[in-house]
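Undergrad: What follows is a structure written as structure tokens; I'll ask about it next.
The values are calculated or read from the model by the stated rules, or taken from the named source; none is laboratory data. These numbers were taken from a predicted model, which means no experiment stands behind them. Backbone-built Cβ (ideal geometry, glycine too); neighbour counts: all protein chains shown. For the accessible areas, the whole protein counts, side chains as well, though only heavy atoms, and no ligand, DNA or RNA atoms are used. Shrake-Rupley method; radii C 1.70, N 1.55, O 1.52, S 1.80 Å.
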Amino acid sequence: MEQTISDLAKKVEAGQRVTAAEALALYREAPTPLLGRLADGIRARKHPDGVVTYIIDRNVNYTNVCVARCSFCAFYRPVGSPDGYVLGFEELFRKIDETIALGGVQLLLQGGHNPDLPLQWYEDLFRAIKERYPTFKLHALSPPEVIHLSRLSQLPVPEIIRRLVAAGLDSIPGGGAEILVDRVRRLLHCYGKATADEWIDVMRHAHRAGLRTTATMMYGTVETDEERIEHLMRLRALQDETGGFTAFITWSYQPEHTELAGTEATGIDYLRTLAISRIVLDNFDNLQASWVTQGGKVGQLSLAYGANDMGSVMIEENVVRAAGASYCMDEAEIVRNIEDAGFAAMRRNMHYERLGGPIFRERAIPRMLELATARDEGDVSVPQELANYPARSRAGKQLRVIPR
Ligand code: SF4
């Protein structure tokens, strides 16, 4: 007997797991308010105390030089580009100081696949950060960056993870997942940086090594609805196996200045995608709202479509901004959005341990009306310490000897 949408809704309300076919039927056919009600019911069951969390951290991109050249990316610069940059250790320390002044507890540190930054550079950086800021957390290097380092250094992924953890890595962000289906990855030119299996495998190794990680999905490029559901199924299966994911974040492709171009998915598409993610990912505790791509208002609506977390205050952002989205919310604004939606706001860390109420109510915090960037416009300085690390590319070798 064929299941109706109402049968499927009852199944979700009863707390039962949906199959891929059932998820697809709900995603395609359920009215948006019903999808929201189902997702909100799951959110309320998992988080009955009416608290919505957020983290104060800084989203830093240590380099924009990248050999991967994904067609959806407006952030990267090819090796040798005059706009290419690598941040120096001192610049990163300054960013950490500013983050701590705003109540921040970690860096979300990601960057391009720069052939001129060997593993030793990352190890030295992490050690230097931990020496200066022993309790500050490093949520760093998405799976494709780990794979890049594995290839560059000719060491297996578990060894890369072991060495990075020994140097100070605390957790791994779920970036670079895009859609975990190889047909899509080939079309987006991101199959080379990591196949779907390779991305999953890095996360499996990280979880086995005791690291917690997040998971993401960037939708709205060339994938079908079935492929979005397949992506969610793969994440659910790994979470069943390891339990290592703390949270899931989805956002829509931002097309401006990208090679792929195209149009951006609508806010309704975002809310439906968030809601079906909450329904499928029944073994994930936390879903974040992606206000940086959707804006504060849709971010706030996300709290009625399955999200229980407003993500990060962020402080800095470079990747999404390069593709045309530049929403900014400081802590006060995030808290206002949470409270206006009827929830209590609590600060958290990457492990979703609650750290307390809004920090701006405890001490004076400067208002932040614009997200910072990696570097000031026109700053093409080359960090001194780069001279200590051998470059692989011809352009990188030249930079080591000729000051810019
Ligand atoms: S998405 Fe990441 S890996 Fe792909 S081109 Fe951009 S910086 Fe490089």
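Undergrad: Binning every alpha carbon pair distance of the chain at 10 Å from zero, what are the percents per bin?
TA: 5, 23, 34, 26, 10, 2, 0, 0
Undergrad: Within 10 Å of each candidate Cβ there may be at most 11 other Cβ atoms; applying that plus a DSSP loop requirement, which trypsin sites (Lys or Arg not before Pro) in segment 175-260 survive?
TA: Values: sites: ARG183, ARG185, ARG186, LYS193, ARG204, ARG208, ARG212, ARG228, ARG234, ARG236; in loops: LYS193.
Those that pass, being in a loop and sparsely packed, number zero.
Undergrad: Nearest 0.05, what FRET efficiency do ARG151 and ARG361 give at R0 = 56 Å with Cβ-Cβ as r?
TA: Details: r = 47 Å, r/R0 = 0.85.
Once rounded, the FRET efficiency stands at 0.75.
Undergrad: On to the next question. For the chain, what is the charge dipole size about the Cα centre, in debye to the nearest 20, if Lys and Arg each add +1 at the Cβ and Asp and Glu each add -1 at the Cβ? Don't skip to the end; give the middle numbers.
TA: Details: 47 positive and 53 negative charges, 140 e Å.
Approximately 680 debye in magnitude.
Undergrad: Full-extension gain between ASP197 and THR135, please, as 0.36 nm times their residue separation minus the C-alpha to C-alpha distance. Let's see the in-between values first.
TA: Values: separation 62, 0.36 × 62 = 22.32 nm, distance 3.35 nm.
The span from ASP197 to THR135 would gain 19.0 nm if fully extended.
Undergrad: Tell me the accessible surface of THR214 in square angstrom (1.4 angstrom probe, heavy atoms of protein chains only), to the nearest ten.
TA: The accessible area of THR214 comes to roughly 10 Å².
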